[in-house]
Amino acid sequence: MSDQDANGIGRYGRPTVALHWVVALTLIVAVVLGLTLGNTPEEASNRKDLFDWHRWVGVTVFALVLVRIVVRAFNRAPPPLASISSFQQWVAHFTHGSLYVLMVAAPLTGYLLSNRMGEAIVLFGSINLPPLLV
């Protein structure tokens, strides 16, 4: 049974909708932490903690987006509304694809930048993540 069938034809199922909103909220947290870091003085005592939290949230975003990609691969999107033109459909697909690229690229580049700076990423203070760059 596809995810769409759970709530009726032409709709995303509740698990897909929930995953969408969890990713969206996690992205918002990552952006807020990043903006907070940008406004935090270098000498601030909480700067390292903010960086750690930003990295943890970034890794979480990356993992959740990978889950979204897998779910999306196995569950077709509902058909577009009949009132939407083919040009609008193309723009929607292009925008959607671009957002997926950004949701993968942003945490990946952050991870690589942390590696390049020699910063270890220790997820939630206990799980050492391997560096991708040496």
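Pull up all non-local amide H partners of I121: gap of 5 or more, or a different chain, and H-to-H distance under 5 Å with H placed in the peptide plane.
L129
Quick one: Debye curve from the alpha-carbon atoms of the stretch 64-108 only, equal weights, vacuum; give me log10 I(q)/I(0) at q = 0.18, 0.28 Å⁻¹ to two decimals.
For the stretch 64-108 at q = 0.18, 0.28 Å⁻¹, log10 I(q)/I(0) is -0.65, -1.05.
Which value, in nm² and rounded to one decimal, describes the direction-averaged projected area of the C-alpha convex hull of the chain? If you can, show how the numbers build up before the last one.
On the way: hull surface 42.4 nm².
Average of the hull's projected areas for the chain equals 10.6 nm².
Accessible area of the chain with a 1.4 Å probe: how many percent of it is carbon plus sulfur? If you can, show how the numbers build up before the last one.
Working: 6550 of 9460 Å².
Taking all protein chains in place, the chain shows 69 percent carbon and sulfur surface.
Which residues in the stretch 27-57 have a backbone N closer than 15 Å to a point placed 7 Å from the Cα of A120 along the Cα-to-Cβ line?
Zone members listed by number: 52.
Just to be sure I understand: with springs between alpha-carbon atoms less than 10 Å apart, which residue in N39, N75, N115 has the highest mean-square fluctuation in the Gaussian network model of the chain?
N39
Calculate the length of the line joining the C-alpha centroid of the stretch 6-51 to that of the stretch 61-134, in whole Å.
The stretch 6-51 and the stretch 61-134 have Cα centres separated by 12 Å.
What Kirkwood Rh does the stretch 59-133 have if only Cα atoms enter the pairwise 1/r average? Answer in Å. Please report the intermediate quantities before stating the final value.
Values: mean 1/r = 0.0673 Å⁻¹.
Over the stretch 59-133, the inverse of the mean reciprocal pair distance is 14.9 Å.
Can you tell me the accessible area per residue over the chain, all protein chains present, probe 1.4 angstrom, in square angstrom?
71 Å²
The values are calculated or read from the model by the stated rules, or taken from the named source; none is laboratory data. The structure presented is a predicted model; accordingly, all values stated were derived computationally and were not measured. Heads up, the Cβs are rebuilt from the backbone with ideal geometry, glycines too, and the neighbour counts pull from every protein chain shown. Accessible surface is based on the protein model in full, side chains and every heavy atom, while ligands, DNA and RNA are left aside. Shrake-Rupley method; radii C 1.70, N 1.55, O 1.52, S 1.80 Å.
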